[in-house]
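Please read the structure below before turning to the comments.
The values are calculated or read from the model by the stated rules, or taken from the named source; none is laboratory data. In this text the structure is predicted, and so the values were computed from the model without any measurement. Please note: Cβ atoms are built from the backbone with ideal geometry, for glycine as well, and neighbour counts cover all protein chains shown. What goes into the accessible areas is simple: the full protein's heavy atoms, side chains included, and nothing from ligands, DNA or RNA. Shrake-Rupley method; radii C 1.70, N 1.55, O 1.52, S 1.80 Å.
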Amino acid sequence: MSSSEEKVAPQTSAVKSFLSGGFGGIAAVLVGHPFDLAKVRIQTSPDGAYKGTADVFKKTLKADGFRGLYRGMATPLVGVTPIFAVSFWAYDMGKKIVYAATPSRTSQDLTIPELAFAGFFSAVPTTLLMSPSERIKVVLQTQGSGANKLYNGPVDVVRALYKEGGLASIFRGTGATLLRDGPGSAAYFVAYELIKKSLIPEGGKASDLNPFTVMFAGGMAGVAMWTIAIPPDVLKSRLQSAPAGTYKGTADVLRILLKNEGPQALFKGLGPAMLRAFPANAA
């Protein structure tokens, strides 16, 4: 829907947007979390620990049962509604900034660079919520099983991280999260808007699209996002899962990774990320 159409269309209530975004986010977490677990474990494990996504599932099921596939899910499940709400609010603010900066524009349709700016902008405030959520999730996903299990849940992780290094420990990886979600969100929203627009019947509008078409646009947008988000995601996962003092920061993770494993290691976890991207974002 173009901005001119949005001006005459009834405004959806904030509560309705918040709830619908929240349900969408919960669906994404439920569908995608096992693949996210596989991604993080492949990214943070030594070479040869896993043969691929199926091997992660096999070993996880053997060690922890079916519930093991959803280890670390509680934090993103609780946080997804406010995170999605902030993300789409900030995306809308990004578009308003573009309009305010271009008062003499002849078309209300945003260009690809303008959509990319709005998408990148959406990740800035979202990162403040996303980073600690990701930190807790990654710690739970990468801890051992059975006797080697260190934490009983998110609250236990927060308590331990705060004792270890205060808020700085809980927010470790914030820069890497923005490095991932800034370009990733730009790619997501550009792909979503362009794909959705290309599927609108001639002379029609966005509201004419059926749910399956919207699901396809969302799924493909997720694929576009993770195509460029994997390298910084690898750095984030390693930084957030490592014991305190292992790395000095994101740049140090990159330096050590390139030195020891080569640039191909930046694409670890691409398989499960792609398997997750379409169904989770479509949901």
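Observations on the structure shown:
- Residue 121 under 16 Å from the mean Cα position of the chain (by Cα) and open to solvent by 50 Å² or more (accessible area, probe 1.4 Å): yes
- Once region 57-114 is narrowed to residues that are aromatic (Phe, Trp, Tyr) and more than 23 Å from the chain's Cα centre (by Cα), the residue that is most open to solvent (accessible area, probe 1.4 Å) is 66.
- One residue from 214, 234, 253 being among the hydrophobic types (A, V, I, L, M, F, W, C) and farther than 24 Å from residue 130 by Cα: 214
- Among the residues of region 96-126, those identified as free of Cβ contacts under 8 Å to residues at least 24 places away in the same chain and under 18 Å from residue 187 (Cβ atoms) are 98, 111, 113, 114.
- In region 250-283, residue nearest to residue 25 (Cα to Cα) [restricted to those that are modelled with pLDDT of 95 or more and not in a helix (DSSP H, G or I)]: 269
- Screening residue 132 on (1) at pLDDT 95 or above; (2) within 17 Å of residue 28 (Cβ to Cβ) shows it passes everything except condition (2).
- Filter result (without any contact (Cβ under 8 Å) to a residue 24 or more places away in the chain and either assigned to a helix (DSSP H, G or I) or among the hydrophobic types (A, V, I, L, M, F, W, C) (or both)) within region 176-201: 196, 197, 198, 199, 200
- Residues that are more than 30 Å from residue 44 (Cα to Cα), aliphatic (A, V, I, L, M) and open to solvent by 30 Å² or more (accessible area, probe 1.4 Å), drawn from region 192-238: 194, 195, 199, 200, 214, 215
- For region 239-256, the set of residues classified as of a type outside the set (A, V, I, L, M) and open to solvent by less than 60 Å² (accessible area, probe 1.4 Å) consists of 240, 241, 247, 249, 250, 252, listed by residue number.
- So residue 271, is it out of contact with any helix residue (DSSP H, G or I) (no Cβ under 7 Å at 6 or more places or on another chain), surrounded by fewer than 19 Cβ atoms within 10 Å (Cβ to Cβ), closer than 25 Å to residue 53 by Cβ and not hydroxyl-bearing (Ser, Thr, Tyr): no
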